[in-house]
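Structure first, commentary second.
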Amino acid sequence: MGDRAMAEIKTKEGSLYLYTHWGGNSLPDRAKEAIKFAKGRWSDTPYAVRILVDQLTKEGRDEQTGFGLMLTPNAEDEYNRNNPSVVIDLVAYTLEIKIKNQVSLLPFEEITSRLA
């Protein structure tokens, strides 16, 4: 049992995938918060990716289970047929959320203005 989901962090160099065993339903909201937190480093890929991962996994720090990182998506996602249901795009500066055949695409600037 769990609430499994994946996020893809897309960069010019490739993608990093994050798996969460618990809290998949809150992954879109956590991604929005992480994007806001990383705003000052969006164009600095190494820092942006580290900040995003740090924020997305902060509830599981120092734990041996709960989150995983992958270079190829090979985990479960209950919300998008085992494909990442959240795509944080550091090239286009957008957040794509794909949940049960519904897709929303939000520009980073819109996310930060909504959360301000």
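A short reminder: the numbers here are calculations on the coordinates, not readings from a lab. Here the structure is a predicted model, which means the values were calculated and not measured. Positions of Cβ are backbone-derived with ideal geometry, glycine not excepted, and every protein chain shown enters the neighbour counts.
Once you list every other residue whose beta carbon is under 11 Å from the beta carbon of residue 97, what net charge do they have if Lys and Arg are +1 and Asp and Glu are -1? Spell out each step's value before the answer.
On the way: positive: 32, 98, 100; negative: 29, 96.
Around residue 97, the surrounding residues sum to +1.
Suppose a student asked you for the relative contact order of the chain, using Cα pairs under 8 Å spaced at least 6 residues apart; what percent would you report?
On the way: 210 pairs, mean separation 37.3, N = 116.
Once normalised by length, the contact order is 32 percent.
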Revision key, fill the gap. Check: C-alpha center region 35-105 vs C-alpha center region 1-34, spacing in Å is 4 Å
Check your understanding: Which shape class, rounded, prolate or oblate, goes with region 1-97 when its Cα gyration tensor gives a ≥ b ≥ c as root eigenvalues, a/c under 1.5 marks rounded, and past that a/b bigger than b/c marks prolate?
Key -> prolate
Check your understanding: So how far apart, in nm, are the two label points at residue 91 and residue 36 if each is 7 Å from Cα heading toward Cβ?
Key -> 2.8 nm
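Sorted by average packing, counted as other Cβ atoms within 10 angstrom per residue and highest first, what order do 41-48, 23-30 take?
Values: 41-48: 14.2, 23-30: 18.4.
Listed from highest to lowest mean packing, they are 23-30, 41-48.
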Practice item. Measure off 7 Å from each Cα along the Cα-to-Cβ vector at residue 100 and residue 83, then give the distance between these two points in nanometres to one decimal. Key: 1.8 nm
Point to revise | Paramagnetic reach from residue 71 in region 1-38 [backbone N under 16 Å; point 7 Å along Cα→Cβ] | key: 9-18
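Quote the charge dipole size of the chain about the Cα centre in Debye, to the nearest 20; the model charges only the Cβ of Lys and Arg (+1) and of Asp and Glu (-1). Display every interim value, and only then the final one.
Details: 15 positive and 17 negative charges, 42 e Å.
Dipole of the chain, to the nearest 20 debye: 200 debye.
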